[in-house]
1. Please find the FRET efficiency linking residue 137 to residue 91, where r is the Cβ-Cβ separation and R0 is fixed at 30 Å, and quote it to the nearest 0.05.
2. How high is the relative contact order of segment 118-308, in percent, with contacts defined as C-alpha pairs under 8 Å that are six or more residues apart?
3. Note down the relative contact order for segment 2-81 as a percent, whole number, built from C-alpha pairs under 8 angstrom at least six residues apart.
4. Please give the helix 203-223 orientation as an angle from the longest Cα principal axis of the chain, in degrees from 0 to 90, rounded to the nearest 10.
5. How big is Rg to Rh over segment 1-101, alpha-carbon atoms, Rh as the Kirkwood inverse-mean-distance radius?
6. Ranked highest first by average number of other Cβ atoms within 10 Å, how do 61-71, 127-137, 231-241 line up?
7. Considering only 81, 99, 228, give the residue with the highest GNM mean-square fluctuation for the chain, with springs between Cα atoms whenever their separation is below 10 Å.
8. Bin by bin, in steps of 20 Å, what percent of the Cα pairs in the chain do you find, going until the bin that has the longest distance?
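Please treat every number below as a calculation from the coordinates, not as lab data. Computed from a predicted structure; not experimentally measured. Glycine also receives a Cβ, built like all others from the backbone with ideal geometry; neighbour counts cover every protein chain displayed.
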């Protein structure tokens, strides 16, 4: 330890290397990157550092051992973020990477575990998804395209939030496969638009009514209350009746039941879409979650069952 021209204690780069086990080259790199500012130079032109450089260098050394980037450490040493903020950001980055690797692992598992004749189709299906965040964005774009133009923004966003499930937080081979099938539906040539003005008249009233019915159906599923199930069904049927200027009569319910049963055929786009959403979210009645992306799946499954007598959660058809 020596003193600079102002009498402050300073230490040489060689001393820092000896006390930390780091090479002089590495310390010089940290210094040039701005992580370890110089206190000055010796008469011979050698770098000198303030007395606190040792503790600072040891902190850098430990953070680097945890995988923190030079840029992240630089932001901390510059006072732009605290140590806690740096650690939180690093943890978030690691969790995102783990999730991405788990997603890839389950994609590979879904391929290795499937019968040989199905493997080419499944490979094409999973390869089409790519990164799960990109697939989610494409699902959102599908719903922006599918919903009728002019729908109030908040109402349209509520439908999209409820209809587009987030990629599984803890993916499994089956949920990854279901998400891939859902994605294929949304980007396929046979994708379908949702009910438009020429089909349902007052579209805002229709979609608002369906969302209200789903809210009631969710409450009914959570509470297990038959009266609430009946109330949810009344709201659901009423949404369809009002837009067609019909009364909610036994005859209208029979007509709606026939429409739903016709739509429950194996190739129905709507049926296939919602079955995959249920598979992705795991929201099989009677144990739904109460809110969040994909939260329409469980109540719609229950309402579909009540109207048509055909379960929305039937086993997924085998891939061709």
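1. Working: r = 25 Å, r/R0 = 0.82.
Approximately 0.75, to the nearest 0.05.
2. On the way: 231 pairs, mean separation 52.1, N = 191.
In percent, rounded to a whole number, it is 27.
3. Numbers: 72 pairs, mean separation 22.4, N = 80.
So the answer I get is 28 percent.
4. 80 degrees
5. Details: Rg = 15.6 Å, Rh = 14.7 Å.
So for segment 1-101, dividing Rg by the Kirkwood Rh gives 1.06.
6. Values: 61-71: 13.4, 127-137: 15.2, 231-241: 19.9.
For the peptides 61-71, 127-137, 231-241, the packing ranking is 231-241, 127-137, 61-71.
7. 81
8. 25, 36, 21, 15, 3, 0
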